[in-house]
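What follows is a set of notes on a single structure, which appears directly below.
The values are calculated or read from the model by the stated rules, or taken from the named source; none is laboratory data. This structure is a prediction, so every number in the text was calculated from the model and none was measured. FYI the Cβ positions are ideal-geometry reconstructions off the backbone, even for glycines, and counts take in every protein chain you see.
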Amino acid sequence: RNRVVLCTVMVMVGTLIAGFAGALTRGPAPEVSPRLLTDSEGRTLFLRGFNTASSAKNPTGLADLTEEDVAREYSDMGTNFVRLLLQWQAVEPEPGEIDQDYLDEVEKRVGWYEKRGYHVMLDMHQDLYSTYTSSEHVAGNGAPEWATQNDRLPVAEDLDMWELYYLEPGVIRSFDNFWGTSDNDLDLMDHYAKSWGAVAERFADNEAVLAYDLMNEPWGGTLQAAEFERGPLAEFYRRSIAEIRQSDSDTWLFVEPQAVGVNWGMTSALPAFDDPRDGEDRIGFAPHLYPLPMDLGKSYASAKEEVDDALATWEDSVLRTAERLDAPVILGEFGLDATAPGALDYVDAVIDMTERTGMGYAYWSNDPGSWGPYNGDGEPQPLADTLNRAYPRAVAGEPLSISTTDIHLTLSYRTDPQVTAPTEIYLPESFGAGGGSVSCGADCETNWDAERRVLSVTQAPESGVAAVEVRAA
Ligand code: IDC
């Protein structure tokens, strides 16, 4: 098995190098995301938040989360976004039967976020297809038992890393049966798409739900890379988009690339998708970022140069794909053991990149433990401070530049006469109880909400380019 793993890794690295060589011959990538998300007031959104949470990977499909947890997350880190994990097995526990009680529970949790001004992306999560690829239920989550057909192929029980289960025959066959690339004709994909249709029916008019993330980390089984992304994966997205748009014309639909390789910086081959809604398309791109040196166990402190190279390559690849898809970008997952050497510098580097390029992000994850902002006893870790950064939550126009430190923020944007709602800036405690001293030109009005730690800035609509500067008091 070690040899199989080694060969697979070599093939992947080979593809990666080929990808890099391709990138060199393609001319410059865009420097910022070609499109940015806006809220119902027309303001440009900067989304900062967490994946909530790995604890949802159980048959109930619900994370270990209370309303107090949400309140605490806001007061500790000022987030405005959540990638909320759902599971297909909880939505459609029996073929064709949608569990509306489950959607009630999801709606209740969405309400906790809505009350605090968050935007929500519902993520249909899966790892390794399903819990039921083996009778021992050793790993995986996502698909219902009835939709898991491993054709009696084996799955090991003792692998060191969860990702290695992706190479097990029973897991691969379960995926092939889903994508319709095996000899079986099960039409599972149609069930999944219709489950999305049911979720969309429920959340179409929910103001807090901004986006649907159609499938976490797709894996092609025996079909990989472009053949997979342009073939069954694209077909699956088209069917899901069609089902969702029957009842929901406004929620953004985020597609993910193949995870393996693209998480490291390879360029995705996903095609662009038509959106059958009236008006501008609302299709987004939600890749993940896990640099290869770190997947292989290196820390940021020990491999900074390599990881920085991987970050630059990833940024380049993702912006190219976003341009091709004409899509805004949400970095749906990045994360690491935040207690490892250099980890917090890595987090800062990734957030700087999202700020510079206009990407939203969801850190993986807020489960208590070494990767999260709270440890196993629920006490805040240094990561909580690192993530508690100043940022413009919503900008009343087109952002031109942003720069933030613990004690200083500058933001410039072109005002938009159509947008009357204020620009909103979150400022952490390091700016002082009063939110710091603000300068924003002659025609502007400001308001400080001390409880939410949000500064609102209203510019005269005809002021053209607005410049806002905040210094810690
Ligand atoms: C991880 C969890 C881990 C669990 C594993 C398998 O942290 O406890 O055993 O999933 O379910 C991803 C996945 C995300 C992973 C995360 C971290 O989308 O589900 O969570 N990760 O490994 N892709 C790359 C990393």
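Would you mind finding the one in Val199, Val171 that is in contact with a strand residue (DSSP E or B) (Cβ under 8 Å, 6 or more places away or on another chain), closer than 17 Å to Ala143 by Cα, β-branched (Val, Ile, Thr) and part of a helix (DSSP H, G or I)?
Working: Val171 fails: in contact with a strand residue (DSSP E or B) (Cβ under 8 Å, 6 or more places away or on another chain).
Answer to the check: Val199.
Need the failing condition index for Gly376 against (1) within 16 Å of the ligand (Cβ to nearest atom); (2) in contact (Cβ under 8 Å) with a residue 12 or more places away in the chain, just the number.
Answer for Gly376: the failing condition is (2).
In segment 249-267, what residues are within 12 Å of the ligand (Cβ to nearest atom) and among the charged types (D, E, K, R)?
Glu256
Can you say whether Tyr102 is more than 12 Å from the ligand (Cβ to nearest atom), out of contact with any Asp or Glu (no Cβ under 9 Å at 6 or more places or on another chain), closer than 25 Å to Arg282 by Cβ and not small (Gly, Ala, Ser), as far as the supplied structure shows? Before the answer, list the steps.
On the way: more than 12 Å from the ligand (Cβ to nearest atom): yes; out of contact with any Asp or Glu (no Cβ under 9 Å at 6 or more places or on another chain): yes; closer than 25 Å to Arg282 by Cβ: no; not small (Gly, Ala, Ser): yes.
Judged against the criteria, Tyr102 is not a match.
More than 12 Å from the ligand (Cβ to nearest atom), in a loop (DSSP other than H, G, I, E, B) and either in contact with a helix residue (DSSP H, G or I) (Cβ under 7 Å, 6 or more places away or on another chain) or farther than 18 Å from Lys57 by Cβ (or both): is that true of Asp183 in this structure?
On the way: more than 12 Å from the ligand (Cβ to nearest atom): yes; in a loop (DSSP other than H, G, I, E, B): yes; either in contact with a helix residue (DSSP H, G or I) (Cβ under 7 Å, 6 or more places away or on another chain) or farther than 18 Å from Lys57 by Cβ (or both): yes.
Yes, satisfied.
Which numbered condition trips up Gly335, out of (1) surrounded by fewer than 16 Cβ atoms within 10 Å (Cβ to Cβ); (2) within 16 Å of the ligand (Cβ to nearest atom)?
(1)
Tell me which strands (runs of 3 or more DSSP E) are completely within segment 350-463 and hold 3 or more residues being surrounded by fewer than 21 Cβ atoms within 10 Å (Cβ to Cβ), or say none if there are none. Quick ask: steps written out before the conclusion?
On the way: elements: 360-363, 391-395, 397-404, 408-415, 423-426, 437-439, 445-449, 454-458.
Correct list: 397-404, 408-415, 437-439, 445-449, 454-458.
State all residues of segment 135-154 that are in a loop (DSSP other than H, G, I, E, B) and either within 14 Å of the ligand (Cβ to nearest atom) or modelled with pLDDT under 95 (or both); if no residue qualifies, say none.
Taking segment 135-154 first, the residues in a loop (DSSP other than H, G, I, E, B) are 135-140, 142, 144, 148-154.
The answer is Ser135, Glu136, His137, Val138, Ala139, Gly140, Gly142.
Just name the residue that is nearest to Met215 (Cα to Cα) out of those in segment 155-173 that are acidic (Asp, Glu) and within 14 Å of the ligand (Cβ to nearest atom). Spell out the reasoning first.
Looking only at segment 155-173, we keep the residues that are acidic (Asp, Glu), and these are 157-158, 160, 163, 168.
Still in the list and also within 14 Å of the ligand (Cβ to nearest atom): 160, 163, 168.
Details: Asp160: 25, Glu163: 17, Glu168: 20 Å.
That would be Glu163.
Please count how many residues of segment 105-134 are more than 15 Å from Thr52 (Cα to Cα) and away from the ligand (no atom under 15 Å from the Cβ).
Qualifying residue count for the region: 3.
Suppose we filter Gly142, Gly49, Gly61 for residues that are closer than 30 Å to Tyr166 by Cα, touching a residue at least 60 places away in the same chain (Cβ under 8 Å) and touching a helix residue (DSSP H, G or I) at 6+ places or on another chain (Cβ under 7 Å); which single one remains? Write out each step before concluding.
On the way: Gly49 fails: touching a helix residue (DSSP H, G or I) at 6+ places or on another chain (Cβ under 7 Å); Gly61 fails: touching a residue at least 60 places away in the same chain (Cβ under 8 Å).
Answer to the selection: Gly142.
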